[in-house]
Amino acid sequence: MLIFPEHGHGLRRHKRDWVIPPINCPENERGPFPKKLVQIKSNKDKETKVFYSITGQGADTIPAGVFIIERETGWLEVTKPLDREEKDKYVLYSHAVSANGQPVEDPMEIIITVTDQNDNRPVFTQQVFVGYIEENAKPGTSVMTVNATDADDAINVNNGIIGYSILSEEPKGAQQMFTINAEKGIISVIGTGLDREVGILPQPEGTCGYSTTTPNYTLIIQAADQEGTGLTNTATAIIKVTDANDNPPVFNPATYEGLVEENQVGVLVTRLHVTDQDLPGSPAWRAVYRIQSGDPQGDFEITTDPKTNDGLLKTAKGLDYETQNRYKLVVSVENEAPFTVALNPATANVLVVVTDMNEAPIFKPPVKEVKVMEDVPVGYQVTSYTAQDPDKDQRQKIT
């Protein structure tokens with residue numbers, strides 16, 4: 001029962017005599033309605049007939065009619081189930097008047113607090129979360145954060161306090177790779193050996209000789225209110241394992257031999273093949289070839305085939321069989337991306353054999369100036385010319 005406060009005679013009231021404690025009303029009550037909350041009483045009812053009324057939001061203003069008061073008894077009643085998530089507090093004023101309508105009490109403030117029931121499940125801010133983590137990441141490395149909200153009260157009770165957990169992890173391995181902070185929803189690495197590649201497998205000719213795992217992990221995340229023990233909901237977290245350059249390219253085979261005709265520029269001498277277990281097309285997979293030795297004059301160049309990752313060894317100049325007919329090159333290979341660990345680049349040996357071509361004879365000197373007297377007879381020998389054949393290994397007659 002709430003009784004209107006009494007005031008001393010002849011005293012001006014500057015503030016309320018005491019604070020009326022809030023009236024708690026649980027949300028989602030079943031009724032029957034109207035349902036009594038508290039009785040309001042004026043001591044003046046001993047002297048005169050007192051009638052009661054209420055004003056304020058929920059009484060005579062929107063949402064009107066939620067609360068009513070029995071005019072003669074002063075019973076304050078609620079007329080329907082309340083929803084704390086819609087409105088968690090109502091401020092009303094109770095009034096007491098005599099039969100002629102004159103106030104017998106000052107208006108009294110009444111605060112009705114709607115207490116929470118755990119009637120709302122957590123809701124994830126999105127159904128699918130996507131995060132990225134580099135392979136070989138150390139345990140404790142954060143991947144991403146998932147987040148859920150709950151409309152219930154998280155201040156006065158724990159109905160809106162969310163606890164996170166991992167229900168499943170795919171693909172399954174010998175150890176769990178990820179964990180989640182129950183309070184903050186931070187997903188981090190817990191396992192060791194996070195690797196997106198597996199061993200080399202037989203492949204069709206002309207293709208890369210390796211196979212990869214599915215570089216994704218799929219986690220089913222649960223959010224449960226009441227600090228992990230209440231109502232639940234789930235979402236999916238997809239973790240994409242990004243490639244690190246932890247696998248060097250390897251020549252297969254490690255020795256090559258190529259034939260090239262002399263005097264040919266820009267012709268293909270041979271293809272050098274490498275295998276690399278890193279992600280195809282990535283900087284950790286794309287090969288970079290270099291001629292380490294055997295070509296001091298820059299007679300050769302090597303580039304990378306963007307489709308197959310092969311090294312294309314070509315002539316940069318026309319080679320001269322008579323000057324040098326064999327080259328022993330050492331070629332190294334690395335990736336565009338630096339290695340994540342210290343590794344020595346793989347090397348291959350390439351033997352280039354230059355083949356002889358039938359070249360035209362050469363006059364020596366190419367230009368000769370001759371003086372002839374006038375009136376020389378027909379058949380007079382003006383001069384003699386010498387020509388040489390540059391093909392040393394071929395016996396040929398010059399005419």
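Odds and ends about this structure:
- Failed item, numbered, when Asn233 is tested on (1) closer than 24 Å to Gln126 by Cα; (2) modelled with pLDDT under 95; (3) crowded, with 16+ Cβ neighbours inside 10 Å: (2)
A quick yes/no check of all residues on (1) of a type in the set (S, T, N, Q); (2) part of a loop (DSSP other than H, G, I, E, B):
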residue: Glu86; (1), (2): no, yes
residue: Val91; (1), (2): no, no
residue: Ser94; (1), (2): yes, no
residue: Gly101; (1), (2): no, yes
residue: Ile110; (1), (2): no, no
residue: Thr113; (1), (2): yes, no
residue: Gln117; (1), (2): yes, yes
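- Selection from the range 291-332 of residues that are buried (at least 19 other Cβ atoms within 10 Å of the Cβ), more than 46 Å from the chain's Cα centre (by Cα) and in contact (Cβ under 8 Å) with a residue 40 or more places away in the chain: Leu319, Tyr321
- Screening the range 334-399 for strands (runs of 3 or more DSSP E) wholly inside it with 2 or more residues that are in the same structural domain as Gly298 (by the TED database), modelled with pLDDT of 70 or more and under 23 Å from Phe300 (Cβ atoms) returns the ranges 346-355.
- Filtering the range 191-230 to residues that are modelled with pLDDT under 50 and on the phi > 0 side of the Ramachandran plot leaves only Gly206.
- Flag for Asn158 being closer than 30 Å to Ile54 by Cβ, in contact with a helix residue (DSSP H, G or I) (Cβ under 9 Å, 6 or more places away or on another chain) and not in a strand (DSSP E or B): no
- Those strands (runs of 3 or more DSSP E) of the range 228-274 in which 3 or more residues are more than 25 Å from the chain's Cα centre (by Cα) and within 29 Å of Glu322 (Cα to Cα) occupy 255-261, 268-272.
- Among the residues of the range 265-296, the ones that are modelled with pLDDT under 95 and either among the polar types (S, T, N, Q) or not assigned by the TED database to the domain that holds Asp320 (or both) come to 2 in all.
- Taking the criterion of being β-branched (Val, Ile, Thr) and modelled with pLDDT under 95, the only residue of the range 297-333 that qualifies is Thr323.
- Subset of the range 120-138 (residues that are of a type outside the set (A, V, I, L, M), at pLDDT 95 or above and surrounded by 14 or more Cβ atoms within 10 Å (Cβ to Cβ)): Asn120, Arg121, Pro122, Phe124, Phe129, Gly131
- Unmet requirement for Lys44, which otherwise passes all of (1) in contact (Cβ under 8 Å) with a residue 60 or more places away in the chain; (2) buried (at least 18 other Cβ atoms within 10 Å of the Cβ): (2)
- Scanning the range 278-324 for residues that are in a loop (DSSP other than H, G, I, E, B), among the charged types (D, E, K, R) and within 23 Å of Ala337 (Cβ to Cβ) yields a count of 5.
- Given (1) more than 44 Å from the chain's Cα centre (by Cα); (2) free of Cβ contacts under 8 Å to residues at least 12 places away in the same chain, number of the condition Ile112 does not satisfy: (2)
- Every pair of residues 6+ apart whose Cβ atoms lie under 8 Å, when the first sits in the range 364-376 and is within 11 Å of Thr386 (Cα to Cα) while the second is part of a strand (DSSP E or B): Lys364/Thr386; Lys364/Ala387; Lys364/Gln388
The values are calculated or read from the model by the stated rules, or taken from the named source; none is laboratory data. Computed from a predicted structure; not experimentally measured. Heads up, the Cβs are rebuilt from the backbone with ideal geometry, glycines too, and the neighbour counts pull from every protein chain shown.
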